Ligand SMILES: [Zn+2]
Ligand SMILES: [Zn+2]
């Protein structure tokens, strides 16, 4: 939902309203690549605000991980922008995700060209793979692995996952960068009611997968950036607008 949450008066939401260190929008990622241009991962309801903050008015390619509102709610705004710019947006999503999106917003295909993204696609010099991951109580999502054809740089975006099988963990090793979703520091609720890893679980996985660098994203109002969590130095909490050079 982003931070602050409308109903909430907790310390983190109050700080987010008053000074804004913990102000967080829905998870999204902007990739700038010389050849492929502006690639955007996921299009939540904050999409317009995020684009403006990046000083952009349009993008070249959108990649979609799954059809939950925090990842697709901004498609309506993007479709409207495409309509008025008289162009058709290009969005890649796994085959099973496309009808789910169109069931919610049937008019989008007039302005957005949805293309199947089931195995791999090439964007500039990046080869990008998608694979299905467990999303706990919320069903499934997809994660994306990027491999640069010249430099060999490898990184993964996996915003919504929990309880990954051995097979689903295979693409998560040998990474220069991992972007992993964690909603809580330690989520106290029963496992069967949960849908995203927490920070403590992520630290165990990072120990196992050994990415060179990790950024934790998709964080709720449970995470307070004023606190010292004692994270290893190669693990950081995402903040809105942070940039990473690969
Ligand atoms: Zn709160
Ligand atoms: Zn999500």
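From Cα pairs below 8 angstrom and at least 6 apart in sequence, can you work out the relative contact order of the chain, rounded to a whole percent? Before the final figure, lay out each step's value.
Working: 489 pairs, mean separation 36.7, N = 246.
Value for the chain: 15 percent.
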*What is segment 25-118 by shape, rounded, prolate or oblate, if you read a ≥ b ≥ c off the alpha carbon gyration tensor as root eigenvalues and call it rounded for a/c under 1.5, prolate for a/b larger than b/c, and oblate otherwise?*
rounded
*At a Förster distance of 35 Å, what's the computed FRET efficiency of residue 200 paired with residue 49, Cβ-Cβ distance as r, to 0.05?*
0.70
*Could you please state, rounded to a whole Å, how far the C-alpha centre of segment 78-93 is from the C-alpha centre of segment 161-183?*
31
*Looking only at 43, 158, 13, which one moves most when the chain is put into a Gaussian network model with springs between Cα atoms under 10 Å?*
13
*Based on the Cβ-Cβ distance of residue 14 and residue 208, what FRET efficiency does E = 1/(1 + (r/R0)^6) give at R0 = 25 Å, to the nearest 0.05?*
0.10
*Residue with peak Gaussian network fluctuation, the chain [Cα springs, cutoff 10 Å], from 42, 176, 80*: 80
*Identify which of 151, 14, 61 has the largest mean-square fluctuation in a Gaussian network model of the chain, with springs joining Cα atoms closer than 10 Å.*
151
*asked:* Full-extension gain between residue 90 and residue 57, please, as 0.36 nm times their residue separation minus the C-alpha to C-alpha distance.
replied: 10.4 nm
*Computed FRET efficiency, Cβ-Cβ of residue 115 and residue 7, R0 35 Å: what is it to the nearest 0.05?*
0.40
*Restricting to the chain, what percent of DSSP beta bridges are antiparallel, rounded to 5?*
50
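Read the figures in this text as sums done on the coordinates, not as results from a lab. Just so you know, these numbers come straight off a predicted model, no measurement behind them. In this analysis, Cβ positions are derived from the backbone assuming ideal geometry, glycine residues included, and neighbour counts consider all displayed protein chains.
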